[in-house]
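I have placed the structure first, in the form of structure tokens, so that the comments after it can refer back to it.
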Amino acid sequence: MSEQRVTLTDEGSGKSVELPVISGTEGEPTLSIKAVPSTLGYFTYDPGFTATASCTSTITFIDGEKGILRYRGYPIEQLAGKSTFLEVAYLLLFGELPTTDEFDGFQSDITHHTMVHEKLNTFISGFHYDAHPMAMMAGVVGSLAAFYHDKMDMSDPEHRVQAAKRMIAKMPTIAAACYRHHMGRPVAYPNNELTYTENFLDMMFSVPAEKYIVDPVAAKAIDLLYILHADHEQNASTSTVRLVGSTGANPYACVSAGISALWGPAHGGANEKVLIMLDEIGDLSRVGKYIDKAKDKDDPFRLMGFGHRVYKNYDPRASIIRKAAHEVLENLGTSDPMMDLAMELERIALEDEYFVSKKLYPNVDFYSGIIYKALGIPVSMFTVMFAIARTVGWVSQWLEQEQTPTPIGRPRQVYAGPTEREYVPIESR
Ligand code: ACO
């Protein structure tokens, strides 16, 4: 913490308080306002936490103005170009890139936790066939606490790490099982011969009747998307995980809450909504109409996959995904009119005064759906794909929080309801 202080004076009462400035290793200095209520008698008001840091963290750094994203100091562009999802998972969880031995051990741990209790499949089969997979995921992941509670001592760091690894390992198995239930296909069990992403694709698409060979283009593309989605500091779902975790709840409950938060269309649910939007636009000639709708204050329509709370510049993940989308379509030897539609939408929006002045750029969700679609992942599974990757971020942030004494998350409010009044019996109302 730096020695810098800011003095806040209440001109009405004449009272002042010196507030310490907390400086991290990078990023804006932050004013610690903890002393304000006890000295000046005011709480602070910040709906949506647009100006409030909720924790200190050493995991992910974002500079939204410059379009920078780094995991544990490593630029996302380098990790996307040179690393793998499991290596990135290790980095996010433990803070350093693994040595060969460390990586082998980690990979083996993850591989050997991919199976789920058979009763979990019975649980999944209880859902109606058309249940949204995110609804199933939230329920099923939350239920893991019922299966593993006896082996979880939250005060033991090893148990906590084991729970984190277990969740990373089981997420693709659960996701694929939810999809297969929806399709009416028998459960596919994990195959320890395959890599993390190959295994996921195998569990999604293999059928008992014939051999399924995973397309390396698909496995590589998904691995890349998982790297890009793995963490994003204190976004809505991660903050949810931390808030739930601050109560001492078990990690499965925390991640289940994170999945629910991610599902919203303003957050991870946007990748599904982008494809639905592009489908609705349907033709290049209609792009202008939708741009006008997005700008119309009386129309609730927003350009899905555009805008971000932190990035006021091109989301660095979006540029990587845009390039990858072209490569995947080329490698698969296919084209998709949606890609042309998305590029035209982006071109017009980036020249339009409304989007330029509000610094609205394509975000991570804008192009990811085009890749998923090309790989045969159904639209309803897009946000599940995001959840599989973000589980790494959620559990890393949860582990970090568990290592630091953290008070229960408990915001205040500005009460604007009725003041005290007398109860009136029902017959007299
Ligand atoms: N289309 C049209 N206008 C937009 C859009 C958009 N996609 N996004 C923001 N705006 C406008 C708002 O109407 C607002 O205008 P105003 O100042 O005239 O009222 C201004 O830009 C600022 O928008 P806010 O909603 O205040 O910005 P905030 O930081 O709260 O929201 C958010 C960010 C939720 C991502 C928003 O941009 C949005 O809804 N985008 C579409 C959904 C989406 O793509 N979400 C995924 C985000 S990435 C992720 O979570 C993984």
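The values are calculated or read from the model by the stated rules, or taken from the named source; none is laboratory data. Owing to the predicted nature of the structure, the values given are computational and were not obtained by experimental measurement. Here the Cβ positions follow ideal geometry from the backbone for every residue, glycine too, while neighbour counts run over all protein chains shown.
Given (1) touching a strand residue (DSSP E or B) at 6+ places or on another chain (Cβ under 7 Å); (2) at pLDDT below 95, identify the lone condition not met by GLU65.
Among (1) touching a strand residue (DSSP E or B) at 6+ places or on another chain (Cβ under 7 Å); (2) at pLDDT below 95, the lone unmet condition for GLU65 is (1).
Look through the stretch 17-58, keep the residues that are part of a strand (DSSP E or B) and β-branched (Val, Ile, Thr), and return whichever of them is farthest from HIS232 (Cα to Cα).
Restricting to residues being part of a strand (DSSP E or B) and β-branched (Val, Ile, Thr), the top hit is VAL17.
How do the helices (runs of 4 or more DSSP H) wholly within the stretch 335-429 filter down when requiring 2 or more residues that are under 20 Å from the mean Cα position of the chain (by Cα) and within 30 Å of VAL287 (Cα to Cα): which remain?
365-374, 382-403
So which residues in the stretch 169-190 are in contact with a helix residue (DSSP H, G or I) (Cβ under 6 Å, 6 or more places away or on another chain) and either under 17 Å from SER396 (Cα atoms) or assigned to a loop (DSSP other than H, G, I, E, B) (or both)?
Correct list: ALA169, MET171, VAL187, ALA188, PRO190.
In the stretch 261-281, how many are exposed (fewer than 14 other Cβ atoms within 10 Å of the Cβ) and among the small types (Gly, Ala, Ser)?
Looking only at that region, the number is 1.
Being away from the ligand (no atom under 12 Å from the Cβ) and within 17 Å of LEU360 (Cβ to Cβ) is the filter; apply it to the stretch 282-327 and report the residue that is nearest to the chain's Cα centre (by Cα).
Out of the qualifying residues, it is PRO316.
Can you tell me which of (1) outside any helix (DSSP H, G or I); (2) within 22 Å of PHE382 (Cα to Cα) is the one SER155 doesn't meet?
Here SER155 clears every test but (2).
Give the residue, chosen from THR84, THR25, THR100, that is surrounded by fewer than 11 Cβ atoms within 10 Å (Cβ to Cβ), of a type outside the set (D, E, K, R) and under 30 Å from PRO172 (Cα atoms).
Just one listed residue meets the conditions, THR100.
Of the residues in the stretch 353-368, how many are within 11 Å of the ligand (Cβ to nearest atom) and buried (at least 16 other Cβ atoms within 10 Å of the Cβ)?
The number of residues fulfilling the criteria is 9.
Here is a list of conditions, (1) over 21 Å from ALA236 (Cβ atoms); (2) among the charged types (D, E, K, R); (3) within 13 Å of the ligand (Cβ to nearest atom), and GLU272 meets all of them except one; can you say which number that is?
(1)
Which residues, counting only those in the stretch 125-152, are assigned to a helix (DSSP H, G or I) and among the acidic types (Asp, Glu)? It would help to see each step written out before you state the result.
Residues of the stretch 125-152 assigned to a helix (DSSP H, G or I): 125, 133-151.
Result: ASP150, single match.
Given the criterion buried (at least 20 other Cβ atoms within 10 Å of the Cβ), within 16 Å of the ligand (Cβ to nearest atom) and under 22 Å from TYR90 (Cβ atoms), identify the matching residue among TYR226, TYR196.
Just one listed residue meets the conditions, TYR226.
Do any residues in the stretch 219-235 that are at positive phi have Cβ atoms under 9 Å from those of residues that are more than 12 Å from the ligand (Cβ to nearest atom) and assigned to a loop (DSSP other than H, G, I, E, B), where the two are at least six apart or on different chains, and which pairs are they?
Sorted first by the residue in the stretch 219-235, then by its partner, the pairs are GLU233/SER57; GLU233/ILE59.
Quick one: which helices (runs of 4 or more DSSP H) sit completely within the stretch 238-330 and have at least 2 residues that are under 29 Å from ALA145 (Cβ atoms)?
On the way: elements: 251-263, 270-281, 287-295.
Passing ranges, in order: 251-263, 270-281.
Please name all residue pairs, on different chains or six or more residues apart, with Cβ atoms under 6 Å, provided the first residue is in the stretch 354-367 and is within 13 Å of ALA270 (Cβ to Cβ) and the second residue is basic (Lys, Arg) and more than 6 Å from the ligand (Cβ to nearest atom).
Within 6 Å, the pairs are VAL364/ARG317; TYR367/ARG322.
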